[in-house]
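The values are calculated or read from the model by the stated rules, or taken from the named source; none is laboratory data. Note that the structure is a prediction, hence the values are computed from the model and not measured. Cβ coordinates were reconstructed from backbone atoms using ideal geometry, including for glycine residues, and neighbour counts include every protein chain displayed. Just the protein is used for accessible areas: all its heavy atoms, side chains included, with ligands, DNA and RNA removed. Shrake-Rupley method; radii C 1.70, N 1.55, O 1.52, S 1.80 Å.
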Amino acid sequence: MLTAILIILTVFCALLAVVSTRLLHATLWLAATSALVGILLYQLGAWEIAVIELSVGAGLVTVLMVFAITMIGDPPPTPHVSRRTLLIFVILAMTLIVGMTVNSLPAPVDVITEPLGAVLWQVRGLDMAAQIVLIFAGVLGVLGLLSVSDDIVRVRVNRIEHQASTTPLSSATHTTQTSDAPELSDSMQSAPSGRLEKEPV
Amino acid sequence: MTDLLFAMAVGILFAIGVFQLLRRDLIKAAMGFSMLFTAINLFILATGAYQGDVPPYTTNVEAGRAVSDPLVQALILTAVVVSFGSYALLLGLINIASRRYGSVDSDDISDLKR
């Protein structure tokens, strides 16, 4: 009974995450979905996975999401999803497909009966090593991506300088450069001023 | 009955994830990505958990009771961490796209059409 209530609540929160017009509200409903899925995992006997789902799914992902919304900005509320009929059909189709798949799955033949810790660190030791490498690669990738905005400006400025140095100075090039200038104005404002002052030729 | 409930929950979560993934707003698409990962993890665990009636942590298992396969949970543990890393990378990419194009609407990012 408790499992049924949890499942209904999970689906309800997931639907509200779709229907919410504000991104922040949708993020909170998504966090509630992850938290309820974590409780469901606990019900299934996967305690460690439940803790990880709670901390990562409901915690870290939500923090990342709020951070991204803060950086990008919450856009004005969008109108409600107009394709509700389509959503209902998609939900019905996926439910049928997954239901049929679950009922027709064969039982595993070779079941490992060792404790989870032994399986995790011995049988799947390579997975754990790859996991650690992936975490560091992800962190480095995100740090690199977040600091790339100045590089974009630098590439654009170098391109303009290259164009200015390769094309002959004439009235036609002047008009080209002046037409390029408004396009770059937004990105130039965020760049260091010393690098951009030498751009006009 | 519980199998059916879990199948329905996974199916609905999967459908909502796919629906969100196809939205024009890139942030909502990222939310769909996260929901899809949650549905997949729940699916794998729901199919693997019922093979035994004792969780794989306990050491004193009564005679005649089957222990669940711990490999499923070990793989889900990896999947949760990998999904978090890829989700962070996805949000970083969306941040870069919003800075470069001034919008998170995939239709407004006109360079994708070229």
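Please go through the range B:21-53 and pick out each residue that is at pLDDT 80 or above and among the aromatic types (F, W, Y).
B:F33, B:F37, B:F43
Here is a check on your reading of the model: is A:A137 facing chain B (nearest Cβ under 9 Å), surrounded by 14 or more Cβ atoms within 10 Å (Cβ to Cβ) and at pLDDT 70 or above?
no
Can you run down the residue pairs with Cβ atoms below 7 Å, 6 or more apart or on separate chains, where the first is in the range B:95-108 and free of Cβ contacts under 8 Å to residues at least 60 places away in the same chain and the partner is open to solvent by 70 Å² or more (accessible area, probe 1.4 Å) and part of a helix (DSSP H, G or I)?
B:N95/A:M71; B:D108/B:Y101
Looking at (1) assigned to a loop (DSSP other than H, G, I, E, B); (2) modelled with pLDDT of 85 or more; (3) among the charged types (D, E, K, R), can you tell me which one B:E62 breaks?
With respect to (1) assigned to a loop (DSSP other than H, G, I, E, B); (2) modelled with pLDDT of 85 or more; (3) among the charged types (D, E, K, R), B:E62 is out only on (2).
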